[in-house]
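> I have a structure here, written as C-alpha cells, and I will follow up with some questions on it.
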Amino acid sequence: MARKYFWILSMAVLALAGATAAQELETPLSNHLANRSISTPTESAAADGVAKAEVDTVYLLGGSDPLDGKFETAVGSPDWHGWTSEDFTNDETMAWNLSTEAEHVIEGDQTMVCGTTLEGPNGTPVFGYGNGWYKYLNFVYTVPDPDESVQLRLTGLMRVYTEEAFDYVYLQAKTSSGWVQFPPESVWDGEINRPLDLDFSITLDPDDYVGPGNSQAQIRFYFFSDGGYSDEDGLYISNGACHLDNLSVYMDGGLVDYEDF
C-alpha cells in the first residue's frame, strides 16, 4: 500500500512540474548529434493518453546512406549519421546511449542502452534510469509507395531491467489513430536478463504515414517509468531500462535498415 501512495504522490508532483511551460529554445549539440530542442510537451504526449511532465526524448534514425544508423564512419570513428534528438525534459537527460561496457553489450563491441549516469541518493553518481521518464528511440523511413499499404517487420535482440508492473518498454508503430503496439503484445517489464529474440510485424495503411507528403512509416521503442522507485532515488536498481542490439527493419520483406551498433 505504501508503494501505491508513493506512486500517486510522485505522479502528482511530476504533473505539477510539467504544468510550468518553458519557452521553446534551440540548443546546439556535440558534433555527433544534429539539432536538439527543448520545449514543452506537444501532440506526442497527448497521443500516449497520459498527462506528462516535460520528460519526452526522441531520437530519429533512417536515411539513404549505407552507414546511417551505424554510429560510426567507414573507418570506425564515432558518427551519429542523421540521428536527431528532440528533448522535452527540463534536465536535458540523454536517455539512449551507446555503451561498450561488458554488462551492457549483447553482441559485438557496443549496444544501445536506455540509461545514463544520474545523480543518485546523497549526490552519488549511479548508472540507470530516472523517475518520470518518457523516452523514445524512433525510426522513420520512406515507404516504397505512399498510396499502398506496407508491412513493417522488426527483428533484433533486447534485454530489460525495469521495476515490474510499474515501468515498461514498448515497441510501437504510428498509425492514424495514434501510437499502437506491434501485435500480438509488444510490452515488457521486470528483469529479463537473457537476450530476447524480437520478431514483430504490423501492416500500415497510407493514412498511417507521416512526414513530407505523408510518405514515411514511423516506429519506436518507448520507455516509461513512473514517479518513484528507480536508480535516481535508489529504491530500484537497474542496469539501464533496456539494451538493444542487431536491429533489422523490413518493408514488405525487404531489408531497409540494420543496426549492430
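> Report, by chain and number, residues whose modeled amide H sits under 5 Å from the one on residue 236, excluding near sequence neighbours (fewer than 5 apart, same chain).
230, 231
> Run through all the Cα pairs of the range 208-261 and give the fraction in each 5 Å bin from 0, expressed as whole percent.
P(r) over the range 208-261, rounded to whole percents: 4, 12, 16, 17, 14, 12, 11, 9, 5, 0.
> Taking the range 104-261, how much of its Cα-Cα pair set, in percent, is spaced more than 18 angstrom apart?
More than 18 Å apart: 59 percent of the Cα pairs in the range 104-261.
> Take peptides 200-212, 158-170, 218-230 and line them up by average Cβ neighbours within 10 Å, highest first, as a rough protection proxy.
Descending packing order for the listed peptides: 218-230, 158-170, 200-212.
> Another question, then. Using only the C-alpha atoms of the range 164-243, find the volume of their convex hull and express it per residue in Å³.
Enclosed volume per residue, from the Cα hull, is 123 Å³.
> How much FRET efficiency would the formula 1/(1 + (r/R0)^6) give for residue 235 and residue 215, where r is the Cβ-Cβ distance and R0 is 51 Å, rounded to 0.05? Walk me through the numbers before you get to the answer.
Working: r = 45 Å, r/R0 = 0.89.
The calculated FRET efficiency here is 0.65.
> If each Cα of the range 116-184 is one equal point scatterer, what is log10 of I(q)/I(0) from the Debye formula at q = 0.11, 0.19, 0.20 Å⁻¹?
-0.45, -0.99, -1.06
Read the figures in this text as sums done on the coordinates, not as results from a lab. All of these numbers come straight from a predicted model, not from anything done at the bench. Heads up, the Cβs are rebuilt from the backbone with ideal geometry, glycines too, and the neighbour counts pull from every protein chain shown.
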